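Working notes, structure below.
The values are calculated or read from the model by the stated rules, or taken from the named source; none is laboratory data. Model, not experiment: these values are computed from the prediction. A quick note on method: Cβ atoms are made from the backbone with ideal geometry, for glycine too, and the neighbour counts reach across all protein chains shown. Remember, those area values only see protein heavy atoms, side chains included, never the ligands or the DNA or RNA. Shrake-Rupley method; radii C 1.70, N 1.55, O 1.52, S 1.80 Å.
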Amino acid sequence: GDCCPTFFCRPKAVCVFNGTEYWPGVKIPVDICEDCSCGSTVDPKTGLLTPHCSPVICNTTCSQGFIYERDPEKCCGRCEQQRCVYTGPNSTVYTIEVGKTFIPPNEKCVKYNCTKVNNAFELMVIMSSCPAFNPENCINGTVTTTPDGCCKTCEIQTCRIQKKQHLPVQYTRWQLTA
């Protein structure tokens, strides 16, 4: 016999990345754009477990009025707002550029102005105001609606006949003194 005991080194059932051990199923920080965890398959050369990696899938789909912008410090970017967003009564979505005014279809007397204040997009509501309208003051057949469909207008009569009214008259006698 052998007088000295013989030792064999067997690798642990772990993954090793950058000198750090990872147990099966544990996430491994390989790359920001790769999702890796320690797998269960043994590498025949090293006897260690092999990591299982898959690419990170970034959602680049943005809502209306937003645009996808990459972030150089992260794997995935994010959706950044570029325009104001207006959702109509029938759930139709409209986008409005900053500084532009939007008049919604089928909504009289209202318009929206898109503004950006401190990186926040805001729709300012502008309600139309109509001047007083009395059809009795109009020349017959001249009543029209303004182009936005909000206000009624007409050609005003310059003189009109008033109904005769009999009012009681009271006389007061004044006398001048010298």
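Side notes on the structure shown:
- Value of relative contact order over segment 1-50, rounded to a whole percent, pairs C-alpha under 8 Å and six or more apart: 32 percent
- With every protein chain in place, segment 1-76: carbon and sulfur % of accessible area (1.4 Å): 56 percent
- About the centre of its Cα atoms, segment 20-86 shows a dipole size close to 180 debye [charges on the beta carbon of Lys, Arg (+1) and Asp, Glu (-1) only; nearest 20 debye].
- Normalised contact order of the chain, rounded percent, pairs of Cα under 8 Å and 6 or more residues apart: 9 percent
- Charged-residue dipole, Cβ positions (Lys, Arg, Asp, Glu), the chain about Cα centre, Debye nearest 20: 1340 debye
- Lys-Lys pairs in the chain that are eight or more residues apart or on separate chains and whose Cα atoms lie under 14 Å of each other come to 4.
- Simple spin-label estimate for Ile126 and Ile67 gives 2.5 nm between the two label positions (7 Å along the Cα-to-Cβ direction from each Cα).
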